[in-house]
Amino acid sequence: SQQGEEDPQALSIQEGENATMNCSYKTSINNLQWYRQNSGRGLVHLILIRSNEREKHSGRLRVTLDTSKKSSSLLITASRAADTASYFCATDIYSSASKIIFGSGTRLSIRP
Amino acid sequence: GAVVSQHPSRVICKSGTSVKIECRSLDFQATTMFWYRQFPKQSLMLMATSNEGSKATYEQGVEKDKFLINHASLTLSTLTVTSAHPEDSSFYICSAALDKDRAYAGYTFGSGTRLTVV
């Protein structure tokens with residue numbers, strides 16, 4: 001089952017610009033995580049934000065979480081060509097079995 | 001630390017044969033592992049959760065007799081696709097949780113296995 005929806009599905013921006021991706025989810029969560037996936041490769045963990053946190057930073061990444069709206073956003077500042085990838089949010093759902101469920105993903109392309 | 005090694009990275013098999021994919025935690029003990037599949041340009045869909053020493057929990061719609069999961073030790077989980085068909089061709093990825101505390105930031109992924117059934 002898929003927990004989250006992300007928008008936009010695809011995003012193309014100029015190098016140096018900021019990229020914002022949004023994620024909405026349906027059920028209560030323990031935490032929300034963002035991952036990057038280069039084409040045909042495994043996933044790289046970017047950042048985790050807990051349900052009692054509202055904002056978190058890591059380098060050029062800024063993540064926000066609004067549990068009342070069941071939504072999160074990922075901001076990548078000063079984008080680089082190497083940021084071209086698919087980005088997924090994943091929710092650690094609050095259930096008897098800890099597991100993460102992925103959103104639909106955003107394909108980000110950075111134009112040189 | 002917290003590296004998960006997945007093998008093989010690519011496999012091509014004939015229709016009707018079985019394929020085993022291994023997922024190993026190299027420097028930690030993985031009490032819980034997760035198996036996902038991903039079709040081209042789509043998201044990861046959770047197939048099953050495996051706990052060391054007990055039966056796997058399959059997500060709705062996933063055939064447990066077709067996708068056999070074994071988690072016999074704290075460092076190894078295997079996914080066997082039995083009697084594979086072309087529609088089973090996909091990208092399979094494993095994930096390991098570092099412990100059972102949901103508040104802990106500990107999910108690490110293997111590099112994935114590209115299965116092609118011809």
Going through A:Lys70/B:Lys55; A:Lys99/B:Lys20; A:Lys70/B:Lys66; B:Lys20/B:Lys55; A:Lys70/B:Lys64; A:Lys70/B:Lys20 one by one, the pairs whose alpha carbons sit over 27 Å apart turn out to be A:Lys70/B:Lys55; A:Lys70/B:Lys66; A:Lys70/B:Lys64; A:Lys70/B:Lys20
Expressed in angstrom and rounded, the centroid-to-centroid distance over alpha carbons for the stretch A:33-112 and the stretch B:2-55 is 22
Among the aspartates and glutamates, which fall within straight-line cross-link reach of A:Lys26, defined as a Cα-Cα distance under 19 Å, with same-chain neighbours fewer than 8 residues apart omitted?
A:Glu5, A:Glu6, A:Asp7, A:Glu53, A:Asp66, A:Asp92, B:Glu59
May I ask you to list the lysines whose Cα is less than 17 Å away from that of B:Lys41, ignoring any residue fewer than eight positions away on the same chain?
none
Where the only charges are on Cβ atoms (+1 Lys, Arg; -1 Asp, Glu), what is the dipole of chain A about its Cα centre, to the nearest 20 debye?
160
Just flag the GluC sites (Glu not before Pro) in the stretch A:1-78 sitting in loop per DSSP whose Cβ has no more than 16 other Cβ atoms within 10 Å.
A:Glu15, A:Glu17, A:Glu53
Here the relative contact order (percent) of chain A, from C-alpha pairs under 8 Å and at least 6 apart, is 39
Based on the alpha carbon coordinates of the protein assembly as shown, what radius of gyration and maximum Cα-Cα distance (Dmax) apply, in Å?
17.5, 51
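Would chain B count as rounded, prolate or oblate if I go by the C-alpha gyration tensor, calling it rounded below 1.5 in a/c and otherwise prolate when a/b exceeds b/c, oblate otherwise?
It is prolate, given that a/c is not under 1.5 and a/b is the larger ratio.
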About its Cα centre, what dipole magnitude does the protein assembly as shown give when the only charges are +1 on Lys and Arg Cβ and -1 on Asp and Glu Cβ, stated in debye to the nearest 20?
200
Quick check on the stretch A:3-112: take the gyration tensor over C-alpha atoms, sort the square-rooted eigenvalues as a ≥ b ≥ c, and tell me if it's rounded (a/c under 1.5), prolate or oblate.
prolate
Fluctuation leader among B:Gln60, B:Gln29, B:Gln42 - chain B, Gaussian network, Cα springs under 10 angstrom:
B:Gln42
Using a cut-off of under 16 Å, list every residue of the stretch A:58-97 whose amide N is near the label point 7 Å from the Cα of A:Ser12 along the Cα-to-beta-carbon line.
A:81, A:84-86
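If I stretch the segment between B:Lys55 and B:Ser18 completely, what's the gain in nm (0.36 nm per residue apart, minus their alpha carbon distance), one decimal?
Residue separation times 0.36 nm, minus the Cα-Cα distance, leaves 11.3 nm.
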FRET efficiency, A:Thr20 to A:Val44 (Cβ-Cβ, R0 30 Å, nearest 0.05)
0.95
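Each reported figure results from applying straightforward, stated rules to the coordinates on display, with no laboratory input. This is a predicted model, so every value here is computed, not measured. All Cβ positions, even for glycine, are placed from backbone atoms using ideal geometry, and neighbour counts span all protein chains on display.
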